[in-house]
Structure formats: C-alpha cells, structure tokens
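The values are calculated or read from the model by the stated rules, or taken from the named source; none is laboratory data. Computed from a predicted structure; not experimentally measured. For neighbour counting, all protein chains shown are included, and Cβ atoms are generated from backbone atoms with ideal geometry for every residue, glycine included.
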C-alpha cells in the first residue's frame, strides 16, 4: 500500500527537534510529574508539620532518583503513591534514552521504489520511480545510477563468476535541490541502441547471467545529525526481463492542490490521487 510512511509521529517529532529542545522538553515533563505527585503527597502526609516546599523537593528528588537526607514518610497509601511515582519517572527516563538513541544512531529508510522499472519502447527511455517516504524535508539529493553485470570468466582454465561495471561513469546522474515527503520522483534515462543496457532490456545478445541497476542516493535531511545514504538495486534476468521491467507507461499521480498548505511548506502529497495504482502501468 502506497504511500508508505516510514516515520511514526514520535519519530518525526524527535527527528525535527534539536537535542537541546529534546532535553528541555523532558526536563519540563519531569517537573510536571513532580508537581502532580507533590499534590498527591500533600494529601497523604501531615501537611501541618511539613511544608509544601519540602514535599515538592522530595518529589523532585524522587523523579530523578536522587538520594535525599530525610525522607518524608506516611501511610501505606504514601508508599504506593511513591512507588507509582518512581515507575512513572522510570518510564519517562526510558523514553528519553530511546529519543537520544533515535536521534543519534537510527535513520529510517527514506526512499521507497516502484517494484519495477518502466521502459518506453517508442522513445527508448528507462524510467525509475521512487519517493521520499519519511515525513522530513530532504535537500540536495544526489542520484547516481550504475549498471553492474555478473559474468563467468575463464581464468587459467577455471570458470569463475565475476562482477564488472558496464561503464566507469554512471549511466545517469542528477542532483535534486528538494525532495518533498511523498512527492514522486521519476528518473528518465535515455538509452541508445549501442548501449549495453538497451541490449539487456530488448533481448539482445548479452554477456552475463545477471545485470544489476544500482541507484545510489545521497542527501541532507533537516535536523538530522548525519547525511542520508541509501542504495537500491533492480536485478535484470535476461531470460525473464519482465520480472523487473514493465513495457508500459508509468501510472499517474495527481497532486493535491492545496494553496494554503503549499504556502506553509506543508503540502500533504500523501492525499494525492493515484497512489493505489503506483506499482501498476498506466491504462491506455
């Protein structure tokens, strides 16, 4: 089902905030928990002999699991409340740790590709379709496409499988300044009859058992502390080329026309029409 959204609301929230904002946010959350349980403790202890300030100090220290010189004690209900308080603080601490790990050590899979490439025989164009599946704005996305084939070489009388590039340079390269979330991008690669890839697609005589179309993507993403680098591969089998390539036009995606959202830089392309036929051919 497309479009796939590879970010949950929590992940998107964490990715879009700086580490300082995350830290301050969790400090505020700890403060609110302490304030809430201070009110609970106030009704469970002898408030005439213990000031509300002392109760709040005890609650703050309990939230951060710090040691205190003198504990405020009370009934069994107080013990239960304090136990729930520390469990709540432990949960918040776990979420905070997860947020830090997510921010610095986890990157979602940004780019989702169509199951097959499309090939237009009348214009000799190979079309590769993909989109940014993460609700984060991507910039300066550099795309390079290479072809690497698997061949069998005869080395000193021994048959050995090897991998070689069909050319030193990429068969396609382009840099996209913007890569909006859920906005479809199509790489239109013009082929000549002298190109080896054209021979593979059109059933010509080829040397090799398999050819991989390898797409390299490098990009920057807002508020991420590391760059995006992903690789996607289509494998062509000359005996059954239609496993990987559709000999038809790509399906159409009719973009949402919401002037207010676009003016705010938040156009919701997930609601565009045609996603249900993303992996299909365009009907004639």
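The requirement of being modelled with pLDDT of 80 or more, under 42 Å from the mean Cα position of the chain (by Cα) and not assigned by TED's automatic domain parsing to the domain that holds residue 92 is not satisfied by residue 21. Taking residue 33 as the residue in question, decide whether it is farther than 26 Å from residue 138 by Cβ, assigned to a loop (DSSP other than H, G, I, E, B) and free of Cβ contacts under 8 Å to residues at least 60 places away in the same chain. No, not satisfied. Residues in region 211-233 that are surrounded by 20 or more Cβ atoms within 10 Å (Cβ to Cβ), out of contact with any helix residue (DSSP H, G or I) (no Cβ under 8 Å at 6 or more places or on another chain) and under 13 Å from residue 137 (Cα atoms): 2 in all. Among the residues here, residue 161 qualifies as in a strand (DSSP E or B) and either under 27 Å from the mean Cα position of the chain (by Cα) or loosely packed, with under 15 Cβ neighbours inside 10 Å (or both).
The criterion of at least 3 residues that are in the same structural domain as residue 215 (by TED's automatic domain parsing), modelled with pLDDT of 90 or more and crowded, with 20+ Cβ neighbours inside 10 Å is met, among strands (runs of 3 or more DSSP E) falling completely within region 44-145, by 117-120, 125-132. Filter region 235-250 down to residues that are at pLDDT below 90 and surrounded by 14 or more Cβ atoms within 10 Å (Cβ to Cβ), then give me how many there are. Of the residues in that region, 1 qualify. Any residue at all in region 187-195 that's surrounded by fewer than 17 Cβ atoms within 10 Å (Cβ to Cβ) and in contact with a helix residue (DSSP H, G or I) (Cβ under 9 Å, 6 or more places away or on another chain)? Scanning region 187-195, I find at least one residue that is surrounded by fewer than 17 Cβ atoms within 10 Å (Cβ to Cβ) and in contact with a helix residue (DSSP H, G or I) (Cβ under 9 Å, 6 or more places away or on another chain), so the answer is yes. Of the residues making up region 224-233, those that are part of a strand (DSSP E or B) and touching a residue at least 24 places away in the same chain (Cβ under 8 Å) are 228, 230, 232. Contact map, region 50-72: residues that are closer than 15 Å to residue 33 by Cα paired with residues that are surrounded by 15 or more Cβ atoms within 10 Å (Cβ to Cβ) and at pLDDT below 80, Cβ distance under 8 Å, separation 6+ or inter-chain. Pairs shown: 55/45; 55/72; 58/72.
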